[in-house]
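Participant: Got a structure here, written out as C-alpha cells. Questions coming.
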Amino acid sequence: MVEEKNHAVLSASSSHKWLVCPPSARLEEKFPNKTSEYMAEGTLAHEIAEFKVKSYFLEPISKATYTRRLNKFKKEEMFNQEMLEHTDTYLEFIKGEAMQTNARPFIAVEQKLNFSKYVPEGFGTADCILISGDTLQVIDFKYGKGVKVEAEENPQMKLYALGALDQFGIFYDIKKVKMSIIQPRLDNISTYEIPVGLLLGWGDAVVKPQAQKAFMGLGEFSQGEHCRFCRAKRSL
C-alpha cells in the first residue's frame, strides 16, 4: 500500500517506527514528508493494479473498454511497460487465492480500514481484502525494490488485519488471518498466517500502550534499523 492518504499521525505504514520508538511519530511531524519519483511511480503502479483487480472481480468490462482505460495509464509520465507485467503478478496471486476457496470469496479492493480501537485516530487503506470460510486475508502490493519486505510479523499488515476484523468480523466467523505481500520487482511473495486470538492479543498488549505513548509524544527514543526511514534523521 502507498502511504496512507491524509497522513494519519500513527499510520500503519510507519508502525515499524512508532511501535519501537514512540516519540518519533510526533518528532517527524516537524519535518516535511518529501515526495519523489519513486513514490509517484509506486502510486501509478498501484492505480493500475487496482484497476486490474476491480475489472476482473468487481466491475467486469468489455475488452475494448479495458484496453481503452489501460491506454490512459500508458500516457502517464511515470508509466513503463514493466508495470503491466508486475501488476499482472499481483492479479494472478489474488486469482490463485480466490480459486483455492470452496465458495466465492468476499473481495474488497482499496478498502478503507479503521483500527482506532487500538491506535488513536488510526486508519489506513488495504490494497485487497479476501474473506472465505473462517479465513481473512490481507494482500498488499509493494512496487518498491529498495528494501525487501516480509509478511511475517509485519506490523503494517497486522494493523490492517485488526481493522478488517473490526469491520467484517460481525459478518464472518473468522478464526485465522493470512497476510500476503506481493513485491514483484524483487521476486518476493511472502505470506504469514496467525490465529485471530494471537492477533487480538498483540493489538491489546503491544499496540495499544505503544500507540498511546506515540500519539502523546511520550516514551523513549530507540535507535535501530527503523531509523533509516525516519524523516527527522533524513532532515539532519
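Participant: Once ligands and nucleic acids are excluded and a 1.4 Å probe is used, how much of Y172 is accessible, expressed in Å² to the nearest 10?
Facilitator: 80 Å²
Participant: Here is a follow-up. Under the definition of Cα pairs under 8 Å and six or more residues apart, what whole-number percent is the relative contact order of the stretch 97-169?
Facilitator: Here the relative contact order equals 30 percent.
Participant: Write down, largest first, the equivalent ellipsoid semi-axes of the chain in whole Å, where each equals the square root of 5 times an eigenvalue of the alpha-carbon gyration tensor.
Facilitator: 30, 24, 14
Participant: Take peptides 127-140, 215-228, 102-115 and line them up by average Cβ neighbours within 10 Å, highest first, as a rough protection proxy. Spell out each step's value before the answer.
Facilitator: Values: 127-140: 21.7, 215-228: 13.1, 102-115: 16.6.
Top to bottom by mean Cβ count within 10 Å: 127-140, 102-115, 215-228.
Participant: In the stretch 157-236, what percent of the accessible surface is made up of carbon and sulfur (1.4 Å probe, ligands and nucleic acids excluded)? Walk me through the numbers on the way to the answer.
Facilitator: On the way: 2320 of 4300 Å².
Whole-percent figure for carbon plus sulfur exposure: 54.
Participant: Give me the three principal axis extents of the stretch 32-125 from the C-alpha atoms, as integers in angstrom, largest value leading.
Facilitator: Extents along the principal axes: 45, 45, 19 Å.
Participant: Stretch K54-M99 to full length: gain in nm at 0.36 nm per residue minus the Cα-Cα span? Kindly include the intermediate steps, with their values, before the conclusion.
Facilitator: Values: separation 45, 0.36 × 45 = 16.20 nm, distance 1.63 nm.
Once the chain is fully extended between K54 and M99, it gains 14.6 nm.
Participant: Just subtract the alpha-carbon distance of Y172 and S222 from 0.36 nm times their residue separation and send over the number in nm, one decimal.
Facilitator: 14.1 nm
Participant: Taking the solvent-accessible surface of protein heavy atoms with a 1.4 Å probe, what is the per residue accessible area of the chain in Å²?
Facilitator: On the way: 12390 Å² over 236 residues.
Per-residue value: 53 Å².
Participant: Simple spin-label model, 7 Å along Cα-to-Cβ: K63 to M39 in nm?
Facilitator: 4.0 nm
Participant: Could you compute the FRET efficiency for E76 and E150, with r as their C-beta to C-beta distance and R0 at 22 Å, rounded to 0.05?
Facilitator: In this case the efficiency is close to 0.15.
Participant: Next up: Can you work out the FRET efficiency for the pair D134 and L198, with r the C-beta to C-beta distance and R0 = 22 Å, to the nearest 0.05?
Facilitator: The computed FRET efficiency comes out at 0.90.
Participant: Among all the lysines, which ones have a C-alpha under 17 Å from K74's C-alpha, if same-chain residues fewer than 8 places away are not counted?
Facilitator: Filter leaves K52, K63.
Participant: Counting only protein heavy atoms and using a 1.4 Å probe, what share of the accessible area of the stretch 1-88 belongs to carbon plus sulfur, as a whole percent?
Facilitator: Within the stretch 1-88, the accessible surface is 52 percent carbon and sulfur.
The values are calculated or read from the model by the stated rules, or taken from the named source; none is laboratory data. Because the structure is a prediction, the values reported are computed rather than measured. Note: ideal-geometry Cβ built from the backbone for every residue, glycine included; neighbour counts use all protein chains shown. Side chains are part of the model used for accessible areas, which takes the heavy atoms of the whole protein and leaves out ligands, DNA and RNA. Shrake-Rupley method; radii C 1.70, N 1.55, O 1.52, S 1.80 Å.
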